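The values are calculated or read from the model by the stated rules, or taken from the named source; none is laboratory data. Keep in mind that what you see is a predicted model, and the values were worked out from it rather than measured. Positions of Cβ are backbone-derived with ideal geometry, glycine not excepted, and every protein chain shown enters the neighbour counts.
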Amino acid sequence: MSCKKIIVNWSQAAELAKAHCSGAEIASYFGISTKTLYRHSLEDNGLHFQEFMTQHRNTGKAELRLEQHRKALKGNTMMLIWLGKQNLDQFDKSAINMTTTYEHKDLRSLNMNELKILSKNPQLTIAEVKSIAKLDKPDPIENVPQS
């Protein structure tokens, strides 16, 4: 009984690797086990299969980037936008800044007039409220003589 001679089409295997197929998928494509594929890679190419895969996957990535770049330069607006975001750190203006700071205000030191000012302008600090209140007329309730 003779063993069937296995011939792997390495240029086709390279194309599959460029498309990011796994070793198991490539072996399945050729109808052989991964163990056989790995052994033939070393025998036929002088490369461990992982090296073969890395080399051709990187080539596939470069070819894909180049094709995207060509499409963008031919006027594909979506590709221009996408590549700008990926490679030039561009972003949409609709990005929302989620940073918010809150100031705890101790309202116990405020009189009625100052509280009214603060209720109309909550973004003001206590010091700003007191400064504005000095320019306003004093609160008549607070000026009632104590008996």
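Worth a mention:
- Enumeration of residues in region 30-46 that are within 17 Å of Ser11 (Cβ to Cβ) and surrounded by 15 or more Cβ atoms within 10 Å (Cβ to Cβ): Phe30, Ile32, Leu37, His40, Ser41, Asn45
- Test: residue in region 133-142 that is surrounded by 11 or more Cβ atoms within 10 Å (Cβ to Cβ) and modelled with pLDDT of 85 or more: no
- Residues located in region 74-113, provided they are under 20 Å from Lys130 (Cβ atoms) and either modelled with pLDDT of 85 or more or basic (Lys, Arg) (or both): Lys105, Arg108, Asn111, Met112, Asn113
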